[in-house]
1. Using a Gaussian network for the chain with springs between C-alpha atoms less than 10 Å apart, which of these wobbles most: Gly283, Gly303, Gly212?
2. Relative contact order for the range 128-168: what is it in percent, counting Cα pairs under 8 Å that are at least 6 residues apart?
3. Would you mind computing the Rg to Rh ratio of the range 231-322 from its alpha-carbon coordinates, Kirkwood style for Rh?
4. So if I place +1 on the C-beta of Lys and Arg and -1 on the C-beta of Asp and Glu, and nothing else carries charge, what would the dipole magnitude of the range 165-278 be about its Cα centre? I want it in debye, nearest 20.
5. To the nearest 0.05, how large is the calculated FRET efficiency for Lys217 and Glu28 if R₀ is 45 Å and r is the Cβ-Cβ distance?
6. Helix-only mean residue ellipticity at 222 nm, the chain, DSSP H runs n ≥ 4 weighted -39,500 (n - 2.57), per residue, nearest 500. What is it?
7. Give the angle, between 0 and 90 degrees and rounded to the nearest 10, that separates the Cα long axis of helix 289-300 from the longest principal axis of the Cα atoms of the chain.
8. Can you list residues whose amide H is under 5 Å from Gly48's amide H, if they're 5+ apart or on another chain and H is modeled 1.01 Å from N?
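The values are calculated or read from the model by the stated rules, or taken from the named source; none is laboratory data. Remember, it's a predicted structure, so these values are computed and weren't measured experimentally. Reconstructed Cβ throughout: ideal geometry from the backbone, glycine too, with neighbour counts over all protein chains shown. For accessibility, only protein heavy atoms count, side chains too; no ligands or nucleic acids. Shrake-Rupley method; radii C 1.70, N 1.55, O 1.52, S 1.80 Å.
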Amino acid sequence: FGLLVCSAAFADDPLPRARPEEVGLSSERLARISTVLKADIEAGRIPGAVIAIARHGKLVALDAYGWRDKAAGVAMTTDTIFNIASMTKPMTAVGGLMLYEQGKLLINDPLSKYFPKFACARVAARDGGGEPTVDTVPADRPITIQDLMRHTSGIIYGGRGNTLVHKQYPAGSGDAAHKFDGATFMDKLATLPLLHQPATVWDYGFGLDVLGLTIEKISGQTLGQYLQANLFAPLGMTDTGFTISADKAARYARPLPSDPDTGKPQARSPELTQPLKFECGGGCAASTATDYLRFAMMLMNGGRAGEARLLGPRTVAYMLSDQLGPNIKNLVGNADPTRADYGFGLGVAVRTTPGVVRMMGSVGQFSWPGASGTDWWVDPKEELAVVYLSAAPGPIRWHYRQKINAMVYQAIID
C-alpha cells in the first residue's frame, strides 16, 4: 500500500525516481548541496532554490530550499515558477529548428527574406584604436538565421557595453519587450548599426529575440502560442510560458529585496504577471525545474520524449555542435565568465575541451543559463541533466553556477 501512496505523490515527476546509488551517485556526497544551500540561505546570500538532478534517465533529486518570497515568509516548493531569462533562448532555437525540419526556414536564409529592412544593414566603422565610431560601412554579407542562433549577427545588447553603438540599442530582451511591440522593435533594430560584421564575432545580443519574431512571421502565431503547441504541450511543460496567470501568481518566485553584495534594489524583471508588448524569445519566459528538466531530457534523448518526437536526432546533433569555427572571435566569456572557453551551437554553449573551462564536465556538455539566477546543463557522456533555479539575479549567480557544478560532479562515484 505504501508504494501506491508514494507513486501517486510523485505523479507529476518528469522521470522515474531512483536512489542516487542506483545511478552511480553518492547520497552522502549529494547531501553537500543541501548543507551548502541551507547555510547560504540562512546567511541571506540567496532567497532559495530548486534543484532537479537526473542521471541515466532517472530522477535522483528534486529539492526545494529556502524561500519563494522571503519578505512575505513564503517557503520554496518544487513547483515554484521562476523567470528563466536567457534559458528562453534554447527553447526558441528549438522552435526555429522545427521550422527548418519542415522546410519553412533555412539555416542560411538571410534575415532580410523575412524582414526586408535588414537588406541594407550597416556596420560601425572602427577608429585607429579599434573603437566603433559614428561612421558606418556596408555589411560584407547578410545576417543569416544561423547568425541569429549563434550570436554572430552583430545585433548586440545595449546593456553590455559603453560604446556609441551600445548606447543606441535597448539594454536587453526584457527591456525591449517592455518598451516596444514586435514590429516597432524590428523597425528600430533595422535602423541601428551592427557592432561587428556578420559572422565574425560571437557577441551577446538580440539574435534569439529576432528569431522569435521570425517564427511568428512564418507561423502566423505569437511565439508563446507556437511554442505551446509544438514544444510545451508535447513535453508536458504545463507551467512554462510568457505570462503568469492569476491562478499561478502565488507560485512565482521573488528575489531578495536588495542584492546581498551591491545593496541595489532587486525585483522580478520582466514582471510576467503583466503582459509584455511582445513575447521575447531571448529572455521572457518563466518555467519550473521539472518543466525545464523535460526540455533538457528531450535534447539529451536526441529530440524524443516518450512517444513524442519533437526533432530528428541529426537535427539535435547539429544544434549541439560547435558552430563558431576558427574564424569567429569568441567572446562567450564576456556574456558569462563561467562559460568562457566554451564553443557555441544553436542557442546553447557547447563544451569542446575537458580542461581549460572553469567548471567540470565532458566534451559535448551543453547549456545556457539565465541572468535571473537560473542555470541548467546536460552532459550526454555522463547521461546527466541538472536544472538549478534561484531568484538571485546579481553577479552572485556566477558563483552558484560554479558551486552547483562542483557539488553535482563530485557526487558521481562510478
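1. Gly303
2. Numbers: 21 pairs, mean separation 17.0, N = 41.
Value for the range 128-168: 41 percent.
3. The Rg/Rh ratio comes out at 1.07.
4. 140 debye
5. Numbers: r = 53 Å, r/R0 = 1.18.
With a Förster radius of 45 Å, E is 0.25.
6. Only helices count here, giving -8000 deg cm²/dmol.
7. So the inclination is approximately 70 degrees.
8. Here the answer is Trp67, Ala391, since their amide H atoms fall under 5 Å of that of Gly48.
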